[in-house]
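Heads up, the thing below is written out as structure tokens.
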């Protein structure tokens, strides 16, 4: 099976609306110390970046969706958004980040 | 006949020895089950102990869920086998969907390590049958993500179906809601432990195995460990007939 290209994605995982987010609350509580006003609704999540080898972006996206649903997020408490970052070679992009 | 009870050891488990000690005190033969094992070696019940399986990376319990031993545990549970998840073991069961709900970051964001009181809502479960009367049981908690969460409809269903097994209570034995100090982590409706619908899989955040002898400050946890051992023994005896 030949896999034609490598696709880079980010998966953004956030607490679902209505789920208590004590981290977000703590961040919000600290804003006063910075003298910043008017910021609210802070929600803390996580972002996972990864590369997938696949025959086309549709196939790659399907793999990432499954990964996001079954492993990277807990659907009971978290929502996720898959963000395509384009076709790439995963190794090169890692190096770029480290070089930055 | 000595009943053999498995204790799963994940990389990062740290209460496996305590669980095995408590099982031995209750007259069982503890059997270590390594996380890479794909079969349970014929044990009569399984404990998923506390700790930080796989470093608690990503979310507590989620990586452990995909280990070979958990596939075996899921099959064992589906066949009616008794499974008790303690602390991190509860998180693994929740991530695996073997018990309902999820464990969120503690209300106060801190790791809590202290004694709590819990009350058994069911005295007819395999995990509480020897608990005697409905009284507060004293035992430690030690966790950073123990805030029990499920949506309101699920919580209502759990209460209706008798799946709430333990709740945190205050000194007056009154249930401690999410904002009360006797509730260590903000768990909704004071829930400290639940079972699956069939009642053969249970998880709780407090550590009964750390309250196994009076010298440890409490031996209340043995009520739960002895219940598990006796229930497993009865089931093994029935199966052997």
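So, R0 is 22 Å and r is the distance between the beta-carbons of residue B:109 and residue A:47; what FRET efficiency does that work out to, to 0.05? Don't jump to the answer; show the numbers that get you there.
Numbers: r = 20 Å, r/R0 = 0.93.
Result of the calculation: an efficiency of 0.60.
What is the order of B:103, B:82, fewest Cβ neighbours within 10 Å to most?
Values: B:103 28, B:82 25.
Final ranking by Cβ density, sparse to dense: B:82, B:103.
If R0 is 56 Å, the Cβ-Cβ spacing of residue B:29 and residue A:63 corresponds to a FRET efficiency of close to 0.80. Model label points for residue A:16 and residue B:215, set 7 angstrom from Cα along the Cα-to-Cβ axis, are 4.8 nm apart. In terms of surrounding Cβ atoms within a 10 Å radius of their Cβ, B:52, B:111 rank from fewest to most as B:111, B:52.
In percent, how large is the relative contact order of chain B, given Cα pairs closer than 8 Å and 6 or more residues apart? Before the final figure, lay out the partial values.
Working: 587 pairs, mean separation 50.3, N = 241.
So the answer I get is 21 percent.
Among A:74-87, B:145-158, the peptide with the highest mean count of other Cβ atoms within 10 Å heads the list, and the full ranking is B:145-158, A:74-87.
Beta-bridge orientation, chain B: approximately 60 percent antiparallel, per DSSP, counting only bridges with both partners inside. Anisotropy class assigned to region B:112-233 is oblate, per the alpha carbon gyration tensor with a/c at or over the 1.5 cut-off and a/b no larger than b/c. Quantify how strongly other chains surround peptide A:72-79 by giving the mean number of their Cβ atoms within 10 Å of each of its Cβ atoms. The shielding value for this peptide is 5. Our estimate of slack between residue B:14 and residue B:175, defined as 0.36 nm per intervening residue step minus the Cα-Cα distance, is 55.0 nm.
Extending 7 Å from the Cα toward the beta-carbon at both residue B:198 and residue B:71 defines two label points whose distance is 1.9 nm. For region B:59-100, the orientation-averaged shadow of the C-alpha convex hull comes to 2.6 nm² (one quarter of the hull surface). Note on region B:46-154: Kirkwood radius taken over Cα pairs, Stokes-Einstein applied at 20 °C and 1.002 mPa s, translational D equal to 142 µm² s⁻¹. Using alpha carbons only, how many angstrom separate the centre of region B:1-77 from the centre of region A:1-49? Cα centres, region B:1-77 to region A:1-49: 33 Å.
Could you tell me the relative contact order of region B:195-241? Use alpha-carbon pairs under 8 Å, at least six residues apart, and round to a whole percent. Please list the in-between numbers first.
Details: 28 pairs, mean separation 9.9, N = 47.
About 21 percent, as a whole number.
Legend: ranking of residues A:50, B:33, B:84, B:109 from fewest to most surrounding C-beta atoms inside 10 Å; resulting order B:109, A:50, B:33, B:84. Kirkwood radius for region B:22-88, taken over all pairs of different Cα atoms as the inverse mean of 1/r, rounds to 12.7 Å. With respect to chain A, whose longest principal axis is taken over its alpha-carbon atoms, helix A:57-67 is tilted by about 50°.
Tell me the relative contact order for chain A as a rounded percent, counting alpha carbon contacts under 8 Å between residues six or more apart. Please list the in-between numbers first.
Working: 142 pairs, mean separation 47.0, N = 100.
In percent, rounded to a whole number, it is 47.
What's the ranking of B:131-143, B:87-99 by average number of surrounding C-beta atoms within 10 Å, highest first?
B:87-99, B:131-143
The mean of 1/r over all pairs of different alpha-carbon atoms in the protein assembly as shown, once inverted, gives a Kirkwood hydrodynamic radius of 21.4 Å.
What does the convex hull of the alpha-carbon atoms of region B:4-240 project to on average, in nm²?
Working: hull surface 45.6 nm².
Over all viewing directions, region B:4-240 projects a mean Cα-hull area of 11.4 nm².
Using a ≥ b ≥ c from the Cα gyration tensor of region A:5-99 (square roots of the eigenvalues), is it rounded, prolate or oblate, where a/c under 1.5 gives rounded and otherwise the larger of a/b and b/c decides, a/b for prolate?
Working: a/c = 3.53, a/b = 1.76, b/c = 2.00.
Cα axes put region A:5-99 in the oblate bin.
Since every read-out is calculated from the coordinates, none of them should be taken as a lab result. From a predicted model like this one, the values you see are computed outputs, not experimental measurements. Please note: Cβ atoms are built from the backbone with ideal geometry, for glycine as well, and neighbour counts cover all protein chains shown.
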